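Only one structure is covered here, and it is reproduced in the block below.
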Amino acid sequence: MGSHANDSLESSVKIPTIKFTKLFINGEFVDSISGKTFKTIDPRTGEVIARIAEGEKEDVDLAVNAARHAFDDGPWPRLPGSERAKRMMNFADLIDQNVEELAALDTLDAGKLFSMGKAVDIPSSADTLRYYAGAADKIHGDVLKMSREFHAYTLHEPIGVVGHIIPWNFPTTMFFLKVSPALAAGCTMIVKPAEQTPLSALYYAHLAKLAGIPDGVLNVVTGFGPTAGAAICSHMDIDAVSFTGSTEVGRIVMKAAAESNLKVVSLELGGKSPLIIFDDADVDMAAQLALIGILYNKGEICVASSRVYVQEGIYDKLVKKLVEMAKAWVVGDPFDPKVQQGPQVDKEQFEKILTYIEHGKREGATLLTGGKPLALGGKGYYVEPTIFAEVKEDMLIAKDEIFGPVLALAKFKTIDEAIKRANSTRYGLAAGIVTKDLNVANTVSRSLRAGTIWINCYLAFSNDCPFGGYKMSGFGRDSGLEALHKYLQVKSVVTPLYNSPWL
Amino acid sequence: MGSHSKDGLESFVKIPTIKFTKLFINGEFVDSISGNTFETIDPRTGEVIARIAEGDKEDVDLAVKAARHAFDDGQWPRISGAERAKRMMKFADLIDQNVEELAALDTIDAGKLFSMGKTVDIPHAASVIRYYAGAADKIHGEVLKMSNAFHGYTLREPIGVVGHIIPWNFPSTLFFLKVGPALAAGCTMIVKPAEQTPLSALYYAHLAKLAGIPDGVLNIITGFGPTAGAAISSHMDIDAVNFTGSTEVGRIVMKAAAESNLKVVSLELGGKSPLIIFDDADVDMAAQLALNGVLHNKGEICVASSRLFVQEGIYEKLVEKLVEKAKAWVVGDPFDPKVQHGPQVDKQQFEKILSYIEHGKKEGATLLTGGKPLGEKGYYIEPTIFAEVKEDMLIAKDEIFGPVLALAKFKTIDEAIKRANSTRYGLAAGIVTKDLNVANTVSRSIRAGTIWINCYFAFDNDCPVGGYKMSGFGRDFGLEALHKYFQVKSVVTPIYNSPWL
C-alpha cells in the first residue's frame, strides 16, 4: 500500500484555461464538419475538463487534402533541410517558453506528474525536435558500386503524407517522437492524438504555426480511433501510417492499410518486459531500478519492467527492500511535488488494472503489497503499487500487458533459466539486466529477444538511441536516425557511363 | 505481328529428366503429409512435365519447426559471417556447374528463353548469392552518441525464421534475391515457389545441401498460394514474410500477417512503369529500349515499361521504328536460340492478356501491330502495340504482364511527369534524353523506386529495387535488401568517469 498526499493544491498551481479545442487543419482551428464534440476528463476527479471537436472521416479527408497539397505543391519538401531545421528550432524554443502551461495540460489530461512534465517530459520533447532539426540537412543516399558501366545512386526521398496515431501515456513525448523526424524528412502529416489526451497536441499545433511551419504541413484531428483513426489507416492518399498503442489496435491498423492502398506501416505496440537481477547486483540499486521500472508514469509505459526475475542468492534481501520501497511510494494529486504517482489515465484503464489484480490473486500468485484502489476523497482512478510474487509464465498477469502499477516477480537459479523465462512472451520491446559480470551482460543481452536492452539501468532513453519492438511488440524504430527511415523512401537512379577510368 | 519459328527443336537441347519433385524439409526430400501432388505444365505445349508434391498447412508447420530449431538452437546464426559466406560461395559454384540443366528447367517450367537462362539468368543468380556472401561478414551496427553518461550501441540481429513467397516470372533470380540476403544475415527460411514454377527451386535445395547449408536452414514447400502461401503468411512462428507478386495477393499477405503474429512484411508488387522519350533522343536507341522494355521475358516482368510517352517532335519517326522492330521480333520455342520470346507462363495469364487486348480495342485505342495469339498449341502472343492511349483506359491502368504496349504522345515536360505519375503503381520508370536538367528534374519528380536514364532494366547487385505507392515497400538487391532480414536492438549501459561525451 502506497501512501497518499492531500489534494486541494490548486492554489499552488495555476490550472490553465483550455485555449485550443478545435481541429487544426491547413493552419486554422476549425470545428468538425459534423459539429460534434467529445469530453476530455480529468482522472484526478473523473470530471470534464473541456469539450473538444470530434473529427471523423470527412475531417480527415480535409486534413489529407491540405497535407497532400502542402507536400505535392507547397514549400515544405522544397526547402533545404537547414531551413526546415530553423523552423523546427523555433518550434522547440516556443515549447521551452510555454513549459508550465504544457506540463499542466498533460497533468490534467493524463494524470502525469506536473513536476516531471516541467523538468523532463516537455523539455526533452523540445530536445527531440532539436535532434531531428540537426539531422534534416544530413540525409544521405548512397552512390553505388555498379558491376557494369553505370553511374547509380540512391535518393532518400520524403515518403509524402504521413498519418500519426499517438497514444495517451506520453502525449507530448509521443507527439514529438513522431512529428520531428517526419518534419525533418520533408513530409507533411495528420496527427490523431488519443481521445483521452487531446489538449497538448492542439497547443503544439498553435505553436507550430507561430514557429513558421507552413499551413497544411502539420494537421491535428482530434477524435476517436474507430472513426478518425480508422479513416487515417484506410485513407487512399496517405503514404505511411505510424501507430503507437496496443497490439490489438496495431492489428487493425495494419489490416486497414493492407485493405486500402498498402501504405507503409510502422507499429510500436505493447510489452511485458523482463528485468533480470543476478546475485552480484547491489540490492539497493536493483530494488530502485525494479520499482521505478514498474511505477514510472504509474506503470503506463510500454517498456515497463512488469516482470522481474531475481536470482535465488539475492532474492530474499531484494524482495524485502522492494516491498519496503513500494509501501513508502507516494500516490496522490499529480500537481503535488511530493507525489510520485498520479491517477491512472481513465476509468477504463483503472478497471482493467483492478481486474488483472483479481486474476493474479485467483491464479495463485502471492500478493506482497498493494492490490487495491486508493480512495482519495472518493474520486479519481488511483491504484496502489502492487507486487505479486511466485508468478509463473502461464499466468495471465505474466502474459498480458497490464499497463498499471502491478509487478510480477519470480525467482530463478541459472542464467539459462532466466533467458528462457524472459523470452517466454509474445512481446519483445525491452529488457533489463542487473549484474557486474561482463560475460553475463554480453551473453544475456545477445540472447534476449527485445528491441532495447538496459544493463544496470532502465528507461535510459536518448535521442540518438533507437527504440522499438521485436515479435508482437511491433516493427519500425522511434528515436535515433533509424526513425527517419519510416518517413523516407529509397529511389535508385541509374545512367550509363562512358569511358570511365575506373569501375 | 511477330514472326515465329518452327518447333520440333528438342533435338537441339537435352531436355532434363526431372530429378526433384518432393518437398524439401530439414535437409530431406519428402512427400507432402497428405500425399497430394499437382501438375506442372510446359507452356510450349500445355502438357504436363511432372507431378510435384503439394504442400499444405501441415507441411508448412513441419518446415517452420525445422527452421525454428535451426535458428534457435542450430549452428547457422552462430557461425561467423565468413563461414556462412564460404558455404554460400560453394552454393554459387554448384549453380555454375549445373547451369544448363537449371536453365532448361526454367525454360520448360516458365517458357523463358534457354539462351538467356544459360548466359544471364542462372549465372546472375550465382552472382547474387556471391554478392551477399561478400556482405555477410560486414554487417554493422552503430555506436551511439548518447546525451547522458551511457554507452549505447545497436546490433543488427538476424530476424529469425523468414517465409519467402516467390513468383513464377524469374524463378531463379527471385529465389536468390530473397534467399541470398536472408542466408547472409543468419536467418533460416521456408521458400514457397509459385505453383507454375517449382522445378528449379527444388534443384536449388539439393545444391544447398551439397554446399553445406545445414538441415533446416533452407526449406522448400511447393504448392499453392491459398494453402501453403496462406499458411506461411498466417504462421504464428514465422518472424517475417517477403512476397513478390501481384498487388491483389500482396494485400492478402499483409492482412494475414496482421491477423496472425504481426510479422514483418515486405512486398514487391505490380507496376505500370512509364518510359518517357524526349525530342532529343536517338530514335534507334529509344525504339530499341522501348521494345525490350515491354517484350523482355515476354512482358512478364514487374518493371516492364508498359506505358510509353513520346514527345511530339520525335513521335512519328519513333513509332515507325518501333512498329518495324515489333514486326520483326521472333516469337517461338524458347529453346531455339533465334527466338526472342517464348510462350506466356500458363493458360490463365495467356487468357488474361488476350482479354486486355480486347479491352484496348473496345476502349478506342489504336492497334498498330499484333493483337492476336500465335499458333495452335501453347500460350504464344504477338508483340502488341496500342497508340493514343489515355490514362483512364484499362490498358493504361492495369498491369497486363504480357507483350502489350500502351503508347501516347506528349508536348511538355510537366505533362509527361503528370501523366507518368498518374498511376497507383510506382515501381520503375525510364527517361530518354541527353539534357542533364531534364534528366535531373524528371528523375526527382517521378514517384517510382528505380529511374533508368538512357537505359532500361539496368539492374545491378548493388542497386536497390522496389516500389513506391501500391507497388509495395521494402527493397531487393543491394545492401538495402538486408534490412528486411534484420532487427535493430539497442544495448545501453551506464559509464562512469568518461573523459568525453
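Just so it is clear, none of the values below were taken in a lab; they were calculated from the coordinates. As the structure is a prediction and not an experimental result, all values here were calculated from the model. Cβ: placed from backbone, ideal geometry, glycine included. Neighbour counts: every protein chain shown.
If you go through the stretch B:419-429 one residue at a time, do you hit one that is assigned to a helix (DSSP H, G or I), more than 12 Å from chain A (Cβ to nearest Cβ) and out of contact with any Ser or Thr (no Cβ under 7 Å at 6 or more places or on another chain)?
Checked the stretch B:419-429: at least one residue is assigned to a helix (DSSP H, G or I), more than 12 Å from chain A (Cβ to nearest Cβ) and out of contact with any Ser or Thr (no Cβ under 7 Å at 6 or more places or on another chain).
If residue A:154 satisfies all but one of (1) in contact with a strand residue (DSSP E or B) (Cβ under 9 Å, 6 or more places away or on another chain); (2) in a loop (DSSP other than H, G, I, E, B); (3) within 14 Å of another protein chain (Cβ to nearest Cβ), what's the number of the condition it fails?
The one condition residue A:154 does not meet is (2).
When the stretch B:372-382 is examined, which residues are found to be surrounded by 12 or more Cβ atoms within 10 Å (Cβ to Cβ) and without any contact (Cβ under 8 Å) to a residue 24 or more places away in the chain?
B:373
Identify, please: which residue in the stretch A:260-275 is outside any loop (DSSP other than H, G, I, E, B) and either out of contact with any Gly (no Cβ under 7 Å at 6 or more places or on another chain) or among the polar types (S, T, N, Q) (or both) and is, among those, farthest from the other protein chains (Cβ to nearest Cβ)?
For the stretch A:260-275, the residue satisfying everything is A:274.
Looking only at the stretch B:432-449, filter to residues that are hydroxyl-bearing (Ser, Thr, Tyr) and either surrounded by 23 or more Cβ atoms within 10 Å (Cβ to Cβ) or within 22 Å of residue A:148 (Cα to Cα) (or both); which one of those is farthest from the other protein chains (Cβ to nearest Cβ)?
B:433
So residue B:23 fits all but one of (1) out of contact with any Gly (no Cβ under 6 Å at 6 or more places or on another chain); (2) in contact (Cβ under 8 Å) with a residue 40 or more places away in the chain; what number is the exception?
Exception for residue B:23: condition (1).
Run down A:326, A:240, A:257 and say which single residue is more than 12 Å from chain B (Cβ to nearest Cβ), crowded, with 24+ Cβ neighbours inside 10 Å and more than 17 Å from the chain's Cα centre (by Cα). Don't jump to the end; show me each part of the working.
On the way: A:240 fails: more than 12 Å from chain B (Cβ to nearest Cβ); A:257 fails: more than 12 Å from chain B (Cβ to nearest Cβ).
Going through A:326, A:240, A:257 in turn, just one is more than 12 Å from chain B (Cβ to nearest Cβ), crowded, with 24+ Cβ neighbours inside 10 Å and more than 17 Å from the chain's Cα centre (by Cα): A:326.
Being touching a strand residue (DSSP E or B) at 6+ places or on another chain (Cβ under 9 Å) and either under 18 Å from residue B:452 (Cβ atoms) or of a type in the set (Phe, Trp, Tyr) (or both) is the filter here; which residues of the stretch A:123-144 pass it? If you could, list the steps in order and put the result at the bottom.
First pass over the stretch A:123-144, keeping only residues touching a strand residue (DSSP E or B) at 6+ places or on another chain (Cβ under 9 Å): A:139-144.
Across the stretch A:123-144, the qualifying residues are A:141, A:142, A:143, A:144.
Look through B:484, B:434 and report the one residue that is basic (Lys, Arg) and either closer than 30 Å to residue A:438 by Cα or over 27 Å from the mean Cα position of the chain (by Cα) (or both).
B:434
Just to check your reading of the model, which residue among A:148, A:130, A:87 is surrounded by fewer than 24 Cβ atoms within 10 Å (Cβ to Cβ) and not in a helix (DSSP H, G or I)?
Selected residue: A:148, the only one of A:148, A:130, A:87 that is surrounded by fewer than 24 Cβ atoms within 10 Å (Cβ to Cβ) and not in a helix (DSSP H, G or I).
Tally up the residues in the stretch A:27-62 that are in a helix (DSSP H, G or I), among the hydrophobic types (A, V, I, L, M, F, W, C) and over 25 Å from the mean Cα position of the chain (by Cα), please.
Going through the stretch A:27-62 one residue at a time, the tally reaches 1.
Go through the stretch B:473-501 and report how many residues are at the interface with chain A (Cβ under 7 Å from one of its Cβ atoms) and part of a strand (DSSP E or B).
The number of residues fulfilling the criteria is 10.
Could you check the stretch B:209-238 and list, in sequence order, the residues that are of a type in the set (Gly, Ala, Ser) and part of a loop (DSSP other than H, G, I, E, B)? If you could, list the steps in order and put the result at the bottom.
Initially, the stretch B:209-238 is screened for residues of a type in the set (Gly, Ala, Ser), giving B:211-212, B:216, B:223, B:225, B:228-231, B:233-234.
Across the stretch B:209-238, the qualifying residues are B:212, B:216, B:234.
Could you check, for the stretch A:332-339, whether at least one of its residues is surrounded by fewer than 18 Cβ atoms within 10 Å (Cβ to Cβ), free of Cβ contacts under 8 Å to residues at least 12 places away in the same chain and over 14 Å from residue A:409 (Cα atoms)?
No, there is no match, as no residue in the stretch A:332-339 is surrounded by fewer than 18 Cβ atoms within 10 Å (Cβ to Cβ), free of Cβ contacts under 8 Å to residues at least 12 places away in the same chain and over 14 Å from residue A:409 (Cα atoms).
Can you pull out every residue in the stretch B:418-427 that is out of contact with any Gly (no Cβ under 7 Å at 6 or more places or on another chain) and either on the phi > 0 side of the Ramachandran plot or crowded, with 21+ Cβ neighbours inside 10 Å (or both)?
B:420, B:423 - these are the residues of the stretch B:418-427 that are out of contact with any Gly (no Cβ under 7 Å at 6 or more places or on another chain) and either on the phi > 0 side of the Ramachandran plot or crowded, with 21+ Cβ neighbours inside 10 Å (or both).
Under the condition of being at the interface with another protein chain (Cβ under 10 Å from one of its Cβ atoms) and in a loop (DSSP other than H, G, I, E, B), which residue from the stretch A:157-173 is surrounded by the fewest Cβ atoms within 10 Å (Cβ to Cβ)?
A:159
Would you confirm, using the coordinates I've provided, whether residue B:233 is surrounded by 23 or more Cβ atoms within 10 Å (Cβ to Cβ), within 14 Å of chain A (Cβ to nearest Cβ) and hydroxyl-bearing (Ser, Thr, Tyr)?
Values: surrounded by 23 or more Cβ atoms within 10 Å (Cβ to Cβ): yes; within 14 Å of chain A (Cβ to nearest Cβ): yes; hydroxyl-bearing (Ser, Thr, Tyr): yes.
Criteria met by residue B:233.
Among A:338, A:352, which is under 30 Å from residue A:118 (Cα atoms) and part of a loop (DSSP other than H, G, I, E, B)?
Of A:338, A:352, the one residue that is under 30 Å from residue A:118 (Cα atoms) and part of a loop (DSSP other than H, G, I, E, B) is A:338.
So, residue B:361, is that one surrounded by fewer than 18 Cβ atoms within 10 Å (Cβ to Cβ), outside any loop (DSSP other than H, G, I, E, B) and in contact with a Leu (Cβ under 8 Å, 6 or more places away or on another chain) or not?
Criteria met by residue B:361.
Scan the stretch B:450-469 and tell me whether some residue there is hydroxyl-bearing (Ser, Thr, Tyr), facing chain A (nearest Cβ under 8 Å) and in contact (Cβ under 8 Å) with a residue 40 or more places away in the chain.
Taking the stretch B:450-469 and keeping what is hydroxyl-bearing (Ser, Thr, Tyr), we get B:450, B:456, B:468.
Still in the list and also facing chain A (nearest Cβ under 8 Å): B:450, B:468.
Those left that are additionally in contact (Cβ under 8 Å) with a residue 40 or more places away in the chain: B:450, B:468.
Looking for residues that are hydroxyl-bearing (Ser, Thr, Tyr), facing chain A (nearest Cβ under 8 Å) and in contact (Cβ under 8 Å) with a residue 40 or more places away in the chain, one finds at least one in the stretch B:450-469, hence yes.
(1) away from chain A (no Cβ under 13 Å); (2) surrounded by fewer than 19 Cβ atoms within 10 Å (Cβ to Cβ): which one isn't true of residue B:399, the others all being true?
Checking residue B:399 against (1) away from chain A (no Cβ under 13 Å); (2) surrounded by fewer than 19 Cβ atoms within 10 Å (Cβ to Cβ), the one that fails is (2).
If you go through the stretch A:243-254 one residue at a time, how many are assigned to a loop (DSSP other than H, G, I, E, B) and within 12 Å of chain B (Cβ to nearest Cβ)? Break it down stepwise before answering.
Applying the first criterion (assigned to a loop (DSSP other than H, G, I, E, B)) to the stretch A:243-254 yields A:245-246.
Subsequent filtering for residues that are within 12 Å of chain B (Cβ to nearest Cβ) retains A:246.
Number satisfying all stated conditions: 1.
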